[in-house]
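What follows is a set of notes on a single structure, which appears directly below.
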Amino acid sequence: MSTATPTTASLAERRPEVAPDRLLAERVPPRHFAGESFDTYRPDPRYPSQQAALDRLRAVAGELTSGGGGRRWFRRKAPTVPAVYLDGGFGVGKTHLLASLARAVGPEASAYGTFVEYTNLVGALGFRPTVDALAGRRLVCIDEFELDDPGDTVLMSRLLRELTDRGVALAATSNTLPESLGEGRFAADDFLREIQDLAGRFEVLRIDGQDYRQRATVTDAPGLDDDAVRAAVSGVPGATLDDFAGLLRHLASVHPSRYGALLDGVDLVGLTGVGPVPDQDVALRLVVLVDRLYDRDVPVLLGGAGESALFTEQMLAGGYRKKYFRALSRLGALAERGREEAAARA
């Protein structure tokens, strides 16, 4: 009598379909920050800018939630609304603060998403319906503001101008000051005016500090043995197992706006044969997947070479380096959790 070997699900076998309404409904802080608030943010006393940013965002939240009737200020002919831009390195709490601001304003009055998720929303709904939908909120939060594509630069600049013209407050995070956006990415003079106009809309709040993830975890640990990864996910509810190269090929066939849906019901991701990504297009898709894993707090088990060998030195020195370093920081934290869970099951 033979016993069937449990089959672990594979991300590469999934082809999710996402309705446009879901993209709008999901504009809330990610699960990773669901329990966070201004009260749970712990400013590092060595960096006074952290406390200053916290105080300023509390004031913004108070401004947006005061007055009871709430929407009277939308009827002003030329409304003046807050637009704050949190600039700082990786892991200094920018996303924590942004999610806390959205929570303080309230889920019905705020929208929250990454830069990429907003461009995907426009692609799914159309520009005018997106403006109309977001104009019904008091606050729009944009995490990890990026200018990787000239077309997206124009699109987001126009979107944010129209929203502020209609009285919507803005808050954004990035690892680059607004007037430096686009540097090292593209050099088209035609877009400098768009960048400068956008920069003028924001009050810049600089947040200094160290990456808390690197203070707490090892982000360049070697990969696990592939057999150990397979054993760790075998029979675990909500676990998936994929060959790294195969998953990268699959990501090319799924629109990045669906990467979140790709992870529906997933509680642990196992990857075997992890190694350097072959080119920049693949690397950027991987960054989006890592962001969605981090948003959902999904631990990962990395076989092969682990996270330290993912991006080449050329990639880490190029125009997308901030994305890659952010991905390594986040993936390192998720991989540490994965190692802890695997050790607990051993």
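Here F145 meets each of (1) surrounded by fewer than 18 Cβ atoms within 10 Å (Cβ to Cβ); (2) outside any helix (DSSP H, G or I); (3) of a type outside the set (A, V, I, L, M) with one exception, condition (1). Here the condition is being over 21 Å from the mean Cα position of the chain (by Cα) and modelled with pLDDT of 90 or more; of D297, D279, D264, it holds for D279 alone.
Which residues, taken from segment 5-43, are under 21 Å from L268 (Cα atoms), of a type in the set (G, A, S), part of a loop (DSSP other than H, G, I, E, B) and at pLDDT 85 or above? S10, G35 - these are the residues of segment 5-43 that are under 21 Å from L268 (Cα atoms), of a type in the set (G, A, S), part of a loop (DSSP other than H, G, I, E, B) and at pLDDT 85 or above.
Would you mind listing the helices (runs of 4 or more DSSP H) fully within segment 237-346 where at least 3 residues are over 23 Å from T114 (Cα atoms) and open to solvent by 10 Å² or more (accessible area, probe 1.4 Å)?
It comes to 244-251, 321-345.
Please find, within segment 318-346, the residue that is modelled with the highest pLDDT out of those that are charged (D, E, K, R) and in contact with an Asp or Glu (Cβ under 9 Å, 6 or more places away or on another chain). Ranking the qualifying residues of segment 318-346, first place goes to R337. Within segment 32-55, residues that are among the aliphatic types (A, V, I, L, M) reach partners that are open to solvent by 60 Å² or more (accessible area, probe 1.4 Å) with beta carbons closer than 9 Å, at six or more positions or on different chains, in the pairs A34/V28; A34/R103; A52/R206; A53/R206.
Filtered by the rule that a residue be more than 15 Å from A309 (Cβ to Cβ) and touching a Gly at 6+ places or on another chain (Cβ under 9 Å), segment 264-290 gives G265, V266, D267, L268, V269, G270, Q280.
Of the helices (runs of 4 or more DSSP H) lying entirely inside segment 54-140, the ones with 2 or more residues being at pLDDT 95 or above are found at 94-105, 127-134.
The values are calculated or read from the model by the stated rules, or taken from the named source; none is laboratory data. Please read these numbers as outputs of a predicted model, since none were measured by experiment. So basically every Cβ, Gly included, is an ideal-geometry build from the backbone, and we count neighbours across all protein chains shown. What goes into the accessible areas is simple: the full protein's heavy atoms, side chains included, and nothing from ligands, DNA or RNA. Shrake-Rupley method; radii C 1.70, N 1.55, O 1.52, S 1.80 Å.
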